[in-house]
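Here is the structure we will look at, set down as structure tokens.
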Amino acid sequence: MRKSYSQPISQNYQQGNEEINKLRERKNPLSSSSSSSSHEAEKKVTQQTKKLERLPSEEDINASADAFIKNFRQQLMLQRLQSIENYEKMLARGR
């Protein structure tokens with residue numbers, strides 16, 4: 001099933017943080033007994049850091065995609081050359 005990316009990025013960050021907090025509580029049950037005021041303070045801190053985070057611009061995404069494609073093509077070329085070399089070695093052994 002494909003994941004829908006129609007949610008705003010900030011909602012995805014918030015959902016991720018909530019899941020991390022749930023996992024932390026499961027891992028350390030003593031921390032779940034802490035007061036709700038500390039939980040509220042933690043929420044405020046995460047909301048403030050989200051505001052400070054820089055969202056990737058379209059240029060950043062395009063540059064990273066171009067770099068990925070370039071690297072991928074280079075790896076394909078190296079694999080092809082290695083395959084040709086292995087084939088030539090196999091033919092040389094048969095002579």
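The values are calculated or read from the model by the stated rules, or taken from the named source; none is laboratory data. None of the values given here were measured: they were computed from a predicted structure. Cβ coordinates were reconstructed from backbone atoms using ideal geometry, including for glycine residues, and neighbour counts include every protein chain displayed.
Looking only at the stretch 42-80, filter to residues that are among the acidic types (Asp, Glu) and under 30 Å from Asn21 (Cα atoms); which one of those is modelled with the highest pLDDT? Steps first, answer last, please.
In the first step, residues of the stretch 42-80 are kept if they are among the acidic types (Asp, Glu); the result is 42, 53, 58-60, 66.
Keeping just the survivors that are under 30 Å from Asn21 (Cα atoms) gives 42, 53, 60.
Details: Glu42: 77, Glu53: 67, Asp60: 88.
Step by step, filter the stretch 42-80, then rank; the result is Asp60.
From the list Tyr13, Tyr5, pick out the single residue that is touching a Lys or Arg at 6+ places or on another chain (Cβ under 9 Å) and at pLDDT below 65.
Details: Tyr5 fails: touching a Lys or Arg at 6+ places or on another chain (Cβ under 9 Å).
Residue meeting the stated conditions: Tyr13.
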